[in-house]
1. With springs only between Cα atoms under 10 Å apart, run a GNM on the chain and tell me which of 24, 188, 109 wobbles the most.
2. Where nothing but the Cβ of Lys and Arg (+1) and of Asp and Glu (-1) is charged, how large is the charge dipole of segment 1-118 around its Cα centre, in debye to the nearest 20?
3. Have a look at 143, 209, 228 and report the one farthest towards the positive end of the charge dipole of the chain, computed about the Cα centre with Cβ charges (Lys/Arg +1, Asp/Glu -1).
4. Please identify, among 111, 164, 229, the residue showing maximal mean-square fluctuation in a Gaussian network model of the chain using a 10 angstrom Cα cutoff.
5. Given a cut-off of under 8 Å on Cα pairs at least six residues apart, what relative contact order in percent is computed for segment 3-161?
6. Using only alpha carbon pairs under 8 Å that are at least six residues apart, calculate the relative contact order of the chain and give it in whole percent.
7. Got a sec to turn the phi values of segment 144-152 into Karplus ³J(HN,Hα) couplings, 6.51 cos²θ - 1.76 cosθ + 1.60 with θ = phi - 60°, whole Hz, x for Gly and Pro?
8. Residue 202 to residue 57: FRET efficiency via 1/(1 + (r/R0)^6), r the Cβ-Cβ distance, R0 30 Å, to the nearest 0.05?
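No lab work stands behind these numbers, since they all come straight from the coordinates. Being a predicted model, the structure only gives us computed values, none of them experimental. Cβ placement follows ideal geometry from the backbone for every residue including glycine, while neighbour counts extend to all protein chains displayed.
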Amino acid sequence: MSSVTRRAHAKLNAFLRVLGRRPDGFHEIQTAILPIELHDVVTVEEHRGLVIEVMGERAGELKRAGGESLVGRAAHAWASVAGVGAPRARILVDKRIPVAAGLGGGSADAAATILALDELFGTRFAPEVLLEVAATVGSDVCALVSGGPVFADGRGDHVLPLHAPTSHWVVRPFPFAVRTPDAYGWWDERPSSGPDPGSLIAAIEVGNHDLAGSGLFDDLQPAVADRHAEVTRAVVAFAAAGALGAVMSGSGPTVVALARDPAHAAGIASAVPGSFVTTASPPAAPPRTIAEPSGVV
């Protein structure tokens, strides 16, 4: 085997609860992360040294945001655990996910890089080792290396699988970025935590989209919306179009709306300019996670 190609799926956050800043500088959070159909493509080939190449419609965005460094960090983290010194791979990223948008594009590329290196070089690390590698790269990388819907807490590095059925979403990205540290810094100025997400998690897992839609929330949303009114306008537009609920995803600024079915999603998208339809689906194979949840909250 001389190369491995993997899809790097974007994600959305059905909720994001921020509980406070930790002594290590990170924030304690609770969140539900759902991988969606939108994806980059990451190809890893054997090479004499580490080379990272970015192409595709979003390549310029990634370079400006420094997203290539996350892929490089992922490669070095894998190599460190594999005991091979410097990674010897050429990594090609076909970039399609908006950058710094709250959709986890950089983290998805990093997760795909770890999994592709693991396959290409035959290390076949246990799931818990893959998660340890991912945790050294970034919090969302842990969720996305797992391969399916997850509940995440801690700083986002502790993940448990969610048994979420297929759901249909409409996504409204924007032509501007929000840096994750900025979003959390703004939250620190006026900290406020949302409700216990237990009932929302239950609704997600049984596929009660009406109940789930009414409970979507993101504690970072007010702070980001204060600085980017487009976020609030998108939420209002989705509500007017009949969405079951709408919320900013992660650190934003992208806003996502939940629909009942594909036809409902298409109707919402047609009413909200600049939006597109996507699907959050269970993985084709069981996600590579540590354990089943024994009581998520």
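1. Greatest mean-square fluctuation among the candidates belongs to 24.
2. 220 debye
3. Of the listed residues, the answer is 228.
4. It is 229.
5. That works out to 30 percent.
6. This gives 23 percent for the chain.
7. 7, 6, 6, x, x, x, 9, 9, 10
8. 0.20
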